[in-house]
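Novice: Here it is, the structure in full.
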Amino acid sequence: ETGVTQTPRHLVMGMTNKKSLKCEQHLGHNAMYWYKQSAKKPLELMFVYSLEERVENNSVPSRFSPECPNSSHLFLHLHTLQPEDSALYLCASSQGGSGNTIYFGEGSWLTVV
Amino acid sequence: GENVEQHPSTLSVQEGDSAVIKCTYSDSASNYFPWYKQELGKRPQLIIDIRSNVGEKKDQRIAVTLNKTAKHFSLHITETQPEDSAVYFCAASKVFGNEKLTFGTGTRLTIIP
């Protein structure tokens, strides 16, 4: 199943590095999401884009910067992260907003050293 | 905002027995309740969902029940098999508007052969 693809699958970065996570959806959806998944915590919604416009930002630190150049692509730019930012970052998409099935990508495992 | 609590956090059942996972939600206006299954190292995937106009929905060995008065919903898996071992997440949202899914903390289900 390749509906939502994420790269890289694994990333190790230092606290002073700048890196980006990429997500691409091939489902024709018009909404895309970034979630953070940490051990023993619920899936935390970070950002939502609907029709390429950011409609939600859940008090995410500015060291995370999303970018949605078109309805099929979503980036998460990372800068000066902290070790506690180490987690699985999941991209997702849906057609429309609430009440519609969200399709997740395989995730990008991020380790900040 | 919505708050979803999920219990238990871990559950072990003998193969062939039934498993039940319970969730409660706080916002009485929520009316869409999906369940996601996440196998080890894989993406969360929707397995079943229910909307508030029905009290129960079944799909082969899995079923979901909803009690709107008590604001709780449950996932039932019968005749469990080893491939049912995974983390299960419940979620809640409103169907209309810009409300996004609020996830529970997850239940790690282990099926003992």
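The values are calculated or read from the model by the stated rules, or taken from the named source; none is laboratory data. All figures in this text were calculated on a predicted structure; none of them were measured in a lab. Glycine also receives a Cβ, built like all others from the backbone with ideal geometry; neighbour counts cover every protein chain displayed. When the accessible area is computed, the model is the full protein with side chains, heavy atoms only, and any ligands, DNA or RNA have been set aside. Shrake-Rupley method; radii C 1.70, N 1.55, O 1.52, S 1.80 Å.
Novice: Is it the case that B:ALA92 is part of a strand (DSSP E or B) and small (Gly, Ala, Ser)?
Specialist: yes
Novice: Considering segment B:10-35 alone, what residues qualify as being under 19 Å from A:GLN37 (Cα atoms) and free of Cβ contacts under 8 Å to residues at least 60 places away in the same chain?
Specialist: Selection gives B:TRP35 alone.
Novice: If a residue must be more than 23 Å from A:GLU84 (Cβ to Cβ), surrounded by 12 or more Cβ atoms within 10 Å (Cβ to Cβ) and among the small types (Gly, Ala, Ser), how many such residues does segment A:1-55 contain?
Specialist: The number of residues fulfilling the criteria is 3.
Novice: Taking A:CYS91 and the conditions (1) at pLDDT below 90; (2) touching a Gly at 6+ places or on another chain (Cβ under 8 Å), which numbered condition does it fall short on, given that it satisfies the others?
Specialist: Condition (1) is where A:CYS91 drops out.
Novice: Kindly indicate the residue of segment B:4-46 that is out of contact with any strand residue (DSSP E or B) (no Cβ under 8 Å at 6 or more places or on another chain) and under 30 Å from A:THR7 (Cα atoms) and also least open to solvent (accessible area, probe 1.4 Å) among those meeting that condition.
Specialist: Of everything passing the filter in segment B:4-46, B:GLY41 is least open to solvent (accessible area, probe 1.4 Å).
Novice: Of everything in segment A:57-113 that's under 15 Å from A:ASN30 (Cα atoms), within 14 Å of chain B (Cβ to nearest Cβ) and open to solvent by 50 Å² or more (accessible area, probe 1.4 Å), which residue is nearest to the chain's Cα centre (by Cα)?
Specialist: Here the answer is A:TYR103.
Novice: Are any residues in segment B:48-87 surrounded by 13 or more Cβ atoms within 10 Å (Cβ to Cβ), within 14 Å of chain A (Cβ to nearest Cβ), without any contact (Cβ under 8 Å) to a residue 24 or more places away in the chain and out of contact with any Leu (no Cβ under 7 Å at 6 or more places or on another chain), and if so, which ones?
Specialist: B:ASP49
Novice: A further question on this structure: Can you find, within segment B:92-109, the residue that is modelled with the lowest pLDDT among those that are more than 8 Å from every other protein chain (Cβ to nearest Cβ) and either under 11 Å from the mean Cα position of the chain (by Cα) or open to solvent by 60 Å² or more (accessible area, probe 1.4 Å) (or both)?
Specialist: The selected residue is B:ALA92.
Novice: Continuing with the same structure: Between a first residue in segment A:38-52 that is more than 7 Å from every other protein chain (Cβ to nearest Cβ) and a second residue that is open to solvent by 40 Å² or more (accessible area, probe 1.4 Å) and of a type in the set (Lys, Arg), which pairs have beta carbons less than 8 Å apart while being 6 or more apart in sequence or on different chains?
Specialist: The qualifying pairs are A:PHE47/A:ARG54.
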